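Okay, so here's the structure we're looking at.
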Amino acid sequence: MSLQGKHIVLGITGSIAAYKSAVLTRLLVKRGAEVQIVITPAGKEFITPVTLSALSGRPVVSEFFAAGDGSWHSHVELGLWADLMVVAPATAASIGKMAGGIADNMLITTYLSMKAPVFVAPAMDLDMYRHVSTRRNIELLKGDGVQVISAVEGELASHLCGEGRMEEPENIVAAVERFFAGGNGLGKKRIVITAGPTFERIDPVRFIGNFSSGKMGFALAGECARRGAEVILITGPTALSAAHPGIRRVDVESAREMYDAALKVFPQADAAILSAAVADYRPERVCGKKIKRAGRESFTLSLVSNPDIAAALGKMKRPGQLTVGFALETEEEERNAIRKMEEKNLDCIVLNSLNDEGAGFGYDTNRVTLLSRSGERRSFPLKSKVDVARDIIDAVFDASRNSTACNETV
Ligand code: C5P
């Protein structure tokens, strides 16, 4: 009874795969879970509430109000009651509504009230699944902290064959069990993440900065928080927002501010992921007033070295604490990355090359190679930064359970 006493809200939407929700309900109940089904009006066209309430042992919720007595079904209470919400099958329409917050049925209002982690298992025709709008909505959901159990290839209701079949109920249950067992979870871990650029002031209106957007660091923070970690996200100036309640955001401007913030929280942390693009140098002095051109043909700015956050954490690290760094290199990439990992006493370094199309600053995608102190190397194809974050966290923390970071080789 691996799910004994767990409260699971199972959301069912209007897909032919809804018939599999009956099996999913049965499997969850058999493992000891209490299952509350919330079904959309379209979902009821595919499977009857009678079947589902018999299998779950609870009345199925579909409308905002109970017919007859007008009593209110409280999506807020469901949001508090649940340990997990699983939407399976999730249609393109419901995924779009979840991504856009269009709360026009009980299932979406329940999702918007949900305090627990949410999984979705998409199910739709292959062209709908690969449509740019569906891809965008799925990425939005991932960014919002939802775990997406990807659709698989196979025969579809349209008799076409391709990607779009809902994952089999047994595998959805396995993902749920893994989540509760902490298999891919980071519950109780405290993780410090640095992100974004740093700005080094020259005068009240100018600074030295770089093109880092912070997207990789924010994706990592979202991924760790989704897995139950307490995240302290120390970020330089960026337009991004971190919505997950598990993320405590600390805004800084300069490398020295980032250094102070990171050193303060690291002693109580389990790991630090250093994805910020920290300025190596800062102006030796900051002018109190705007520097005037004053007829000068040239202008020399004297710079002094900034503290290295990764190296400082590497020095103060105690056994069991992990530090993970990034290296953005333009030449002799792997050699430089390995040297950096050793110099900064990192357990693992994520290498991204500026030579790769679609990878690096500002892009939504990245192509990375993970290198570990114990000599392992793992390369990944070009993926969205959200997916790259998942790969990095999987590799770093699965490996740390086996006491060497990034220990898979491809
Ligand atoms: O700038 P560099 O290539 O040395 O950066 C490699 C790693 O060190 C990155 O993880 C970066 O966040 C970190 N770093 C840091 N503090 C610095 C410079 C770099 O934490 N002052």
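The values are calculated or read from the model by the stated rules, or taken from the named source; none is laboratory data. As the structure is a prediction and not an experimental result, all values here were calculated from the model. Don't worry about glycine lacking a Cβ; one is built from the backbone with ideal geometry, like all the others, and counts go over all protein chains shown. These area figures cover heavy atoms from the full protein model, side chains too; ligands, DNA and RNA do not enter into them. Shrake-Rupley method; radii C 1.70, N 1.55, O 1.52, S 1.80 Å.
Looking only at segment 223-237, decide whether some residue is among the basic types (K, R), open to solvent by 30 Å² or more (accessible area, probe 1.4 Å) and away from the ligand (no atom under 12 Å from the Cβ).
No.
Inspection of segment 352-363 identifies at least one residue that is surrounded by fewer than 15 Cβ atoms within 10 Å (Cβ to Cβ), away from the ligand (no atom under 16 Å from the Cβ), under 24 Å from E200 (Cβ atoms) and modelled with pLDDT under 85.
Just one of the numbered conditions (1) within 8 Å of the ligand (Cβ to nearest atom); (2) closer than 23 Å to L186 by Cβ is not true of R249: (1). So for segment 71-85 (the condition being part of a loop (DSSP other than H, G, I, E, B) and under 14 Å from G11 (Cα atoms)), does at least one residue qualify? Among the residues of segment 71-85, at least one is part of a loop (DSSP other than H, G, I, E, B) and under 14 Å from G11 (Cα atoms), which makes the answer yes. If you check G236, G246 for being among the small types (G, A, S) and over 23 Å from D83 (Cβ atoms), only one passes: G236. Considering only residues that are assigned to a helix (DSSP H, G or I) and among the basic types (K, R), look in segment 4-39 and name the one that is farthest from A82 (Cα to Cα). Once the filter is applied, the top-ranked residue is K20.
Within segment 178-222, count every residue that is open to solvent by 40 Å² or more (accessible area, probe 1.4 Å) and assigned to a strand (DSSP E or B). Selection size over segment 178-222: 5.
If only one of R339, R293 is open to solvent by 20 Å² or more (accessible area, probe 1.4 Å) and under 21 Å from I208 (Cα atoms), which one is it?
Result of the check over R339, R293: R293.
How many of the residues in segment 316-341 are of a type in the set (D, E, K, R), within 12 Å of the ligand (Cβ to nearest atom) and outside any strand (DSSP E or B)? Of the residues in segment 316-341, 3 are of a type in the set (D, E, K, R), within 12 Å of the ligand (Cβ to nearest atom) and outside any strand (DSSP E or B). Examine segment 115-123 for a residue that is in a loop (DSSP other than H, G, I, E, B) and not aliphatic (A, V, I, L, M), and state whether such a residue exists. Checked against the condition, which is being in a loop (DSSP other than H, G, I, E, B) and not aliphatic (A, V, I, L, M), segment 115-123 yields at least one hit. Scanning for something modelled with pLDDT of 95 or more and of a type in the set (G, A, S), does segment 316-324 turn up at least one residue? Scanning segment 316-324, I find no residue that is modelled with pLDDT of 95 or more and of a type in the set (G, A, S), so the answer is no.
Which one is modelled with the lowest pLDDT, of the residues in segment 379-402 that are under 24 Å from P319 (Cβ atoms) and open to solvent by 10 Å² or more (accessible area, probe 1.4 Å)? Step by step, filter segment 379-402, then rank; the result is N402.
Within segment 263-271, can one find any residue that is of a type in the set (A, V, I, L, M), within 12 Å of the ligand (Cβ to nearest atom) and touching a Ser or Thr at 6+ places or on another chain (Cβ under 6 Å)? No, because not a single residue in segment 263-271 is of a type in the set (A, V, I, L, M), within 12 Å of the ligand (Cβ to nearest atom) and touching a Ser or Thr at 6+ places or on another chain (Cβ under 6 Å).
Would you tally the residues in segment 253-262 being away from the ligand (no atom under 12 Å from the Cβ) and open to solvent by 90 Å² or more (accessible area, probe 1.4 Å)? The total comes to 1. Pairs meeting the criteria (first residue in segment 66-92 and acidic (D, E), second residue open to solvent by 20 Å² or more (accessible area, probe 1.4 Å), beta carbons under 7 Å, at least 6 apart or on different chains) are D83/K6; D83/H7.
Give the residues of segment 287-311 that are within 9 Å of the ligand (Cβ to nearest atom) and either under 20 Å from V396 (Cβ atoms) or not assigned by TED's automatic domain parsing to the domain that holds M341 (or both), sorted by residue number.
I309, A310, A311
Restricting the first member to segment 4-32 and to residues that are buried (at least 19 other Cβ atoms within 10 Å of the Cβ), and the second to residues that are at pLDDT below 95 and charged (D, E, K, R), the beta-carbon pairs closer than 6 Å and six or more apart or on different chains are K6/D83.
The numbered conditions (1) within 30 Å of L141 (Cβ to Cβ); (2) in contact (Cβ under 8 Å) with a residue 12 or more places away in the chain are all true for S241 except (2). Of all residues in segment 101-114, those satisfying the criterion of being out of contact with any strand residue (DSSP E or B) (no Cβ under 7 Å at 6 or more places or on another chain) and outside any loop (DSSP other than H, G, I, E, B) are I108, T109, L112, S113. Checking each residue in segment 124-161 for being part of a strand (DSSP E or B) and on the phi > 0 side of the Ramachandran plot picks out only G154. For segment 272-286, the set of residues classified as within 16 Å of the ligand (Cβ to nearest atom), farther than 21 Å from G320 by Cα and among the β-branched types (V, I, T) consists of V278 only. Answer yes or no as to whether K97 is farther than 21 Å from K20 by Cα, of a type outside the set (F, W, Y) and part of a helix (DSSP H, G or I). Answer is yes for this residue.
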